[in-house]
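To start, the structure under review is shown below, and the notes come after it.
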Amino acid sequence: MRSCEKAATADWIEHEEASVNYENRVSGWWIFTGIILSIAGVLNIIWGIVAISESSFFTATGARYVFSDLKTWGWITLILGALQILAALSLFAGGQFGRWFGIFAATLAAIGALLDVRVLPFWSICVFALSVIVIYQLAKPTEFR
């Protein structure tokens, strides 16, 4: 009987630690990163569709994109936006997968912002900075949250 009680107690403690760990992990920063990823995802989907449909789109500075074709950059932006929305939804659902998928999507957004810096310098730096904040907040251990 004693071993049965110990096993039940150990299972209960493990369950409590898991639920406390989940509650500690989902904080204001967790919600902030989900909102930032969802806003960036919607904007990237819109810009991707515009870049794909309007290939005569030009910039005020006349700078060229990294890729030779604006439609190519539009498809990359559209896919990145879809990944960011999926990452935000996964973050809102909670769990480790959402955390790692959010880090992956924010990393791709930071790389995309750096590739876009010749065309939109100020906007690219702002997107890069927000992406770094999202990566940091999601990668931070739970004990510091």
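Values in this text are rule-based calculations from the coordinates and carry no lab data. In this text the structure is predicted, and so the values were computed from the model without any measurement. Here the Cβ is made from the backbone with ideal geometry for all residues, glycine too, and neighbour counts use every protein chain on show.
Remind me, relative contact order of the range 28-144 in percent, using alpha carbon pairs under 8 angstrom and six or more residues apart?
Details: 153 pairs, mean separation 34.4, N = 117.
Contact order relative to length: 29 percent.
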* Hey, can you rank 87-95, 121-129 by average C-beta count inside 10 Å, highest first? -> 87-95, 121-129
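With charges only on Cβ, +1 for K and R and -1 for D and E, what is the dipole size of the range 28-144 about its Cα centre, in debye, rounded to 20? Walk me through the numbers before you get to the answer.
Working: 5 positive and 4 negative charges, 17 e Å.
Here the size comes out at about 80 debye.
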* Taking R0 as 25 Å, what's the FRET efficiency between Ala139 and Leu114 from their Cβ-Cβ distance, rounded to 0.05? -> 0.85
* Asked: Could you give the semi-axes, largest first, of the ellipsoid that matches the range 67-145, computed as the square roots of 5 times the alpha carbon gyration tensor eigenvalues and rounded to whole Å?
  -> 25, 15, 7
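How would you order 107-114, 77-84 from highest to lowest mean count of nearby Cβ atoms within 10 Å? The partial results should precede the final answer.
Values: 107-114: 18.2, 77-84: 20.2.
Descending mean neighbour count gives 77-84, 107-114.
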